[in-house]
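Only one structure is covered here, and it is reproduced in the block below.
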Amino acid sequence: MKVLSPLASIALAQGTLCAAQGYTNESEVPYYGRSPAVYPSPVGDGATSSVWESAYQRAKALVSQLTVEEKSNLTRGFDGQCVGNTGAIPRLSIPSLCFSDAPDGIRGQEFVSAFPAGIHVAATWDRSLMYRYGHALGQEYHGKGINVALGPVAGPLGRLARGGRNWEGLGADPYLAGGGMGQITKGIQGAGVIASAKHWLLNEEEWRRNPGDMGESLSSNADDRTIHELYVFPFMDSLREGVGSVMCSYQRLNHSYGCQNSKLLNGILKTELGFEGFVVSDWAAQHSGVASANAGLDVVMPDGGFWGRNLTDAVANGSVTSERLDDMATRVLATWFYSGQDEGYPSPGVYSESEKHDPIDVQEDHATLIREIGSAGTVLVKNVNNTLPFTNATRFLSVYGYDATVSAAPWANPSRYGGGYEVNFGWSTFNGTLITGGGSGGSTPPYVVSPFQALQERISRNKGTLRWDFYSENPSPAYVNSDACLVFINAYASEAFDRTSLTDEFSDNLVRNVAANCTNTIVVLHSAGIRTVDAWVNHPNVTAVLFAGLPGQESGHSLVDILYGDVSPSGRLPFTVAKNESDYGELLNSTVSFDAFPEVNFTEGLYIDYRAFDRDGIEPQFEFGFGLSYTTFEYSDLAITSTGNSTSPLVDANTPIVQGGHPQLWDILFEVTCSITNTGDISASEVAQLYVGIPDAPVRQLRGFERVPLEPGETKQISFPLTRRDLSIWDVVAQQWRLQPTEYTTSVGASSRILHLNGTIQIA
């Protein structure tokens, strides 16, 4: 019997799959080869660090004792108590590894915390909080005996304004998202849990992410430079912090499914970026057996997929080499050793609600952190004549809107905070206060402190008065004596569908109707991503607007801390809010196609979100990085200093690659410093932002941020390190990051459009 080469086997597998699904017309032929083939799959060796090296030595010794069937069982899912479960090997004391959602808290379990969503954490612009967030998540996963936490999320990045899962990610900029990815990964894995960075790659919309009756899944088509500078960029930070797992995505990428795309897995992830851990499929995202194995997939979930007995047969007939199977098993075990889970790690303590068990409480004091992050990620975008904060004289409040309380009965929509997999097609708002989004990324709260509950606590303490109407679109104007009217609305989004609008008529009418009768109307918006506000934001009676994000279980407390000035708002927008939906142009909607081979071309290249607005000269409603404070700040004393590290165009080709890429990419080349003074009379934090103008690139790109706490009158000097990667472009010919010998502009300010200090960097 003739043994096919791996490449021939892949081509055969693709053709067989298409034929089996009935797509045998010639139109499929042009799609083959659009994503360059990169084979064989690199063998992990632990060269990144002594810790990885030791883990690999132990893993290889263990794999040498395994049968082919035992190795195969480490690479696939089995039924079990967790969302995902690998096979166990009892004779060698190798346990089943437990995988679980979600990036913002353990889903579907009791006595766990519901943390703020990724987009809310991004709005803090605070690396310290990002790390503490990750570490607290890791502690809860560890406490429940979960080996692999399915997060953090850098895909989607936020290419589309209506993307259904943007809220799971960390903002629509690769540098901001990368800062979050690195710190959250460091926090999770610092607690002994394996983080799984997802979704690799170009997972920017939900429309037809999986194949079905209409044909194959959507193909996200992007050029090499765009892939590296936008979409790979934030994953690099997670990889540098030692992430143990990367999850490949559902859809096709340049016409090759994400979990069998050898360019992305073998080429970029495992070769360019030196990934030492294992690649796991998204759930049911495997679409071939031999092709996915040879392309670099290491673990398939949630079951055997196209592998199982087929994988051992493929090894036996040579279409998958024994070395590839050894590497797959070794990567799983090396990551287990690397994380220190081989000694004293608790057994999984996750159960279905119908199963009798002793509950394990892992909440600790995380509610305090959740409350802090909730406040820090709340963005004040309008505050006429210092409407906020409330004073002790603010004692009579009227509260309106379905988002103010946990349950807005008598509306018929069911509560969506259960532990099940959420699929709620087409809903634009959530019935009750919104603390998270829907789908596998949504957390399961032990309780929810609603805004109304927290306001009651504060008003009762002040011996004040509350009036409320949670249901009406046009409430009675009877409460004319209120000191302020608070209107609570939301914008919901979920996995499995993209949003159909960035607004909704009911909520906009509610705000306008209240504002027509109340001269001090304050709008609080809980939003799973961008929400346009042009219908009412300029109404003269709308005096303050807060983007309150997805703050988790302590929602009400974190908001009231802002309203009453216990905390000065320091949140900044992690995306651009347009004046009109049409301003997003082709980056508004997902691509609705009923073709057998649907595709979307990322023709905008590097120009998404604020980069597109800058290029096209469009004035946003609220720009990327924008947010107000209760005080004022002054910027001064800009200085730029060279560190003396090499500024040669390319890195040293003889230096070994480590996880995260070439080590010289992380060399600091320049330090940008400035001073910031709190010129007001309230303690507050400023978020200083550094933007760099890189030649042959968008006019400005975020390349530094720092949240700076300042007492009244206090001045602090801050520093932004600029690495080689920060200043480089991806050279598609040399296939390397390249510094350009020319002038770069630098700007420091309070948003992407409020830039106080300007300078230049000259690279010879």
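Read-outs throughout are calculated quantities, based only on the coordinates presented, and are distinct from any laboratory measurement. Here the structure is a predicted model, which means the values were calculated and not measured. Neighbour counts run over all protein chains shown; Cβ positions are idealised from the backbone, glycine included.
With an a/c value of 1.5 or above and a/b not larger than b/c for the gyration tensor axes a ≥ b ≥ c computed over the alpha-carbon atoms, region 6-338 is described as oblate. From least to most packed, judged by other beta carbons within 10 angstrom and beginning with the fewest, 39, 141, 479 follow the order 39, 479, 141.
Which aspartates and glutamates have a Cα less than 13 Å from the Cα of residue 356, not counting those fewer than 8 places away in the same chain? Hits, sequence-local ones excluded: 110. Cross-link partners for residue 263 among the aspartates and glutamates, with Cα-Cα distance under 14 Å and sequence neighbours closer than 8 places in the same chain left out: 223, 224, 272.
Taking label positions 7 Å along the Cα-Cβ direction at both residue 594 and residue 736, the computed distance is 5.1 nm, reported to one decimal. Maximal additional length on extending the residue 719-residue 745 stretch stands at 7.7 nm, based on 0.36 nm per residue less the C-alpha distance.
Here region 482-497 is scanned for amide nitrogen atoms under 20 Å from the site 7 Å beyond the Cα of residue 391 along Cα-to-Cβ, giving 482-486.
Spin-label model, residue 638/residue 483: points 7 Å from Cα along the beta carbon direction are separated by 4.2 nm.
Residues 557, 120, 539 in ascending order of nearby Cβ atoms (within 10 Å, fewest first): 539, 557, 120. For residue 716, a cut-off of 20 angstrom between C-alpha atoms picks up these aspartates and glutamates, skipping any fewer than 8 places away in its own chain: 126, 634, 637, 671, 681, 686, 706. Residues 667, 652, ranked from the fewest to the most other C-beta atoms within 10 Å, line up as 652, 667.
Computed from the C-beta positions of residue 756 and residue 619, the FRET efficiency with R₀ = 22 Å rounds to 0.70.
For the chain, what is the percent of antiparallel DSSP beta bridges, rounded to the nearest 5? List each step's numbers first, then the result.
Details: 55 of 96 bridges.
Percent antiparallel among DSSP bridges in the chain is about 55.
Translational diffusion coefficient, Stokes-Einstein: compute it for region 483-533 using the Kirkwood radius over C-alpha pairs as Rh, at 4 °C and 1.567 mPa s, and state it as an integer in µm² s⁻¹. D = 108 µm²/s. Between residue 317 and residue 650, what is the FRET efficiency for a Förster distance of 56 Å, r being their Cβ-Cβ separation, to the nearest 0.05? Efficiency computed from Cβ-Cβ geometry: 0.85. Direction-averaged projected area, Cα convex hull, the chain: 32.5 nm², rounded to one decimal. Straightening the chain between residue 603 and residue 474 buys 42.0 nm, computed as 0.36 nm per residue apart minus the Cα-Cα spacing. Between residue 357 and residue 505, the contour length at 0.36 nm per residue exceeds the alpha carbon distance by 48.7 nm. The simple spin-label model puts a point 7 Å past each Cα toward its Cβ; for residue 284 and residue 671 those points are separated by 5.4 nm.
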